[in-house]
1. Collect the residues in the stretch 143-172 that are without any contact (Cβ under 8 Å) to a residue 60 or more places away in the chain and crowded, with 20+ Cβ neighbours inside 10 Å, keeping them in residue-number order.
2. Filter the stretch 186-203 for residues that are open to solvent by 10 Å² or more (accessible area, probe 1.4 Å) and among the β-branched types (Val, Ile, Thr) and give the result.
3. Considering only residues that are touching a Lys or Arg at 6+ places or on another chain (Cβ under 6 Å) and either among the acidic types (Asp, Glu) or assigned to a helix (DSSP H, G or I) (or both), which ones fall in the stretch 150-177?
4. Working only within the stretch 88-104, note down all residues that are assigned to a helix (DSSP H, G or I) and open to solvent by less than 20 Å² (accessible area, probe 1.4 Å).
5. Checking the conditions here, which among Leu55, Leu76 is more than 23 Å from Val223 (Cβ to Cβ) and in a helix (DSSP H, G or I)?
6. Given (1) surrounded by fewer than 19 Cβ atoms within 10 Å (Cβ to Cβ); (2) over 22 Å from Ala160 (Cβ atoms); (3) polar (S, T, N, Q), identify the lone condition not met by Ser45.
7. Within the set of pairs 6+ apart or on separate chains, which have a first residue in the stretch 208-223 that is hydrophobic (A, V, I, L, M, F, W, C), a second that is surrounded by 16 or more Cβ atoms within 10 Å (Cβ to Cβ) and part of a loop (DSSP other than H, G, I, E, B), and C-beta atoms under 7 Å apart?
8. Scan the stretch 121-132 residue by residue and report those that are in a helix (DSSP H, G or I) and either open to solvent by 60 Å² or more (accessible area, probe 1.4 Å) or charged (D, E, K, R) (or both).
Amino acid sequence: MLEPKSKKAVLLADAALFVAAMFWGSGFGVTNWLLKFMSPLWLLSVRFMLSAGILALIFRSRLPLLSRRDVFLGFLLGSLLASTFIAHIFGLLFTTPGKQSFIAGSNVVMVPFIYALIYRKMPSLIATAGAFLTTAGLLIMAFTPGMSFNFGDYLSLLLAFGCALHVLFVGNLSRKMDPIALTVVQIASASLILTVLALFLEPLPPFGEVPSKAWLGILYVAVFVTVIPFLIQTVAQRYSPEIHAAVLLSLESPSGYMFAYLIGEELINFQVILGGMVVFAGVVLTELEAFLTKKFHHSSHEDAMTLCDINGSRDR
């Protein structure tokens, strides 16, 4: 059993978050392609229904162990998740997958400030410096002369803010309840919300006319861009400090650009390579904390204001 604050636990969790970021990065280009075959909300609904079904089938034995409070908090997390994915999918209608992946990656610099507001203390200086350096690398990769923001880019900025909140709340809740059961509840809740919105806001798509290659793409994003990375994130954040998680998950942006390049939707140049090197330097700096600090101090009941404190609740 890993000691939550040990160096080994943090490094293993960070490595797992790196893998999750690679999976998520592959989703930008594939999702952009799938929008050719299905409307935004129905694409999200089908993706999350399939993901929730897979998770419930595999982990149904864990669900009876959840209290009503756990289910309620998981539902709130799922609502936040649904909101971020709505910003993601509609943002892709107006901007490119590579550009959105970089804007979404700006959540890494938001996390230290939101962390300070919620927990009333600043995260470690090393991790915060790594977050800023990573953000600088993302800006280098994304910047182009005469660059302007369109509506899709503003939605992508909203997506970044939602991702920052999600990282912080997952870190908090994963240390209070079964992280796998939490994953099931949040994905199922997001599925329910997205399906209701799709029924009211979009016409029912002709599912029979969707080609088999598109269904394979939906299966890919359900399994490899939803089920696997969200399971990894929720379990890993039980051990990884929030700023570490934000920095590692921000690698979703350069990986998203690379996947978009591989499928012919983006171009690569020296600027992208330079920015990627700066991002890598930010990741290395953040990981150095594991060698310079004996123990990691996660938010606790005694020194932090938790989600439950905000709602006037008490821990089980």
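The values are calculated or read from the model by the stated rules, or taken from the named source; none is laboratory data. Here the structure is a predicted model, which is why all the values come from computation and not from measurement. Every residue, glycine as well, gets a Cβ built from its backbone with ideal geometry; the counts of neighbours run over all protein chains shown. With ligands, DNA and RNA removed, areas are computed over all heavy atoms of the protein, side chains included. Shrake-Rupley method; radii C 1.70, N 1.55, O 1.52, S 1.80 Å.
1. Matches in the stretch 143-172: Ala160 only.
2. Passing the criteria: Ile193, Thr195, Val196.
3. Answer for the stretch 150-177, where residues must be touching a Lys or Arg at 6+ places or on another chain (Cβ under 6 Å) and either among the acidic types (Asp, Glu) or assigned to a helix (DSSP H, G or I) (or both): just Ser174.
4. Initially, the stretch 88-104 is screened for residues assigned to a helix (DSSP H, G or I), giving 88-91, 97-104.
Correct list: His88, Ile89, Gly91, Pro97, Gly98, Gln100, Ser101, Phe102, Ile103, Ala104.
5. Leu76
6. (1)
7. From residues that are hydrophobic (A, V, I, L, M, F, W, C), the pairs are Val210/Phe37; Val210/Met38; Ala214/Phe37.
8. Residues satisfying the conditions are Leu125, Phe132.
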